[in-house]
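Shown next, in structure tokens, is the structure this report addresses.
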Amino acid sequence: MSEDSIARPPTRVGPPSRHHMALMIWLAVFPTLTVLQLLLGDLLRDTPTVLRTLVLATIAVPIVIYGLLPPMQRLRMYLTSRR
């Protein structure tokens with residue numbers, strides 16, 4: 001049997017560093033807020049800043065946490081486990 005035919009145990013990938021997590025969050029939050037501003041900007045133009053921020057954050061946080069970060073974390077695990 002050659003070494004290539006021996007199955008290697010899967011490489012465990014640890015949690016992301018603070019820097020990786022910050023980068024992933026920024027990569028998810030910036031485009032989400034940009035798209036929301038483009039879609040809702042006219043609708044929220046006359047609302048007070050605090051209310052506008054509340055509405056945008058209420059929509060953006062679930063999109064980022066449940067929609068964007070899980071696939072980004074899977075991609076990170078895939079890329080780091082290949083090393």
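The values are calculated or read from the model by the stated rules, or taken from the named source; none is laboratory data. All figures in this text were calculated on a predicted structure; none of them were measured in a lab. Note: ideal-geometry Cβ built from the backbone for every residue, glycine included; neighbour counts use all protein chains shown. Side chains are part of the model used for accessible areas, which takes the heavy atoms of the whole protein and leaves out ligands, DNA and RNA. Shrake-Rupley method; radii C 1.70, N 1.55, O 1.52, S 1.80 Å.
Points worth noting:
- Condition met for Arg52 (in contact (Cβ under 8 Å) with a residue 40 or more places away in the chain and either of a type in the set (Asp, Glu) or surrounded by 12 or more Cβ atoms within 10 Å (Cβ to Cβ) (or both)): no
- Subset of the range 35-49 [assigned to a helix (DSSP H, G or I) and surrounded by 12 or more Cβ atoms within 10 Å (Cβ to Cβ)]: Val35, Leu36, Gln37, Leu40, Leu44
- Residue match in the range 55-66 (condition: open to solvent by 60 Å² or more (accessible area, probe 1.4 Å) and part of a loop (DSSP other than H, G, I, E, B)): no
- Condition check for Thr32: over 20 Å from Tyr78 (Cβ atoms), open to solvent by less than 80 Å² (accessible area, probe 1.4 Å), modelled with pLDDT of 95 or more and within 15 Å of the chain's Cα centre (by Cα): yes
- The range 12-29: number of residues that are surrounded by 12 or more Cβ atoms within 10 Å (Cβ to Cβ) and of a type in the set (Gly, Ala, Ser): 1
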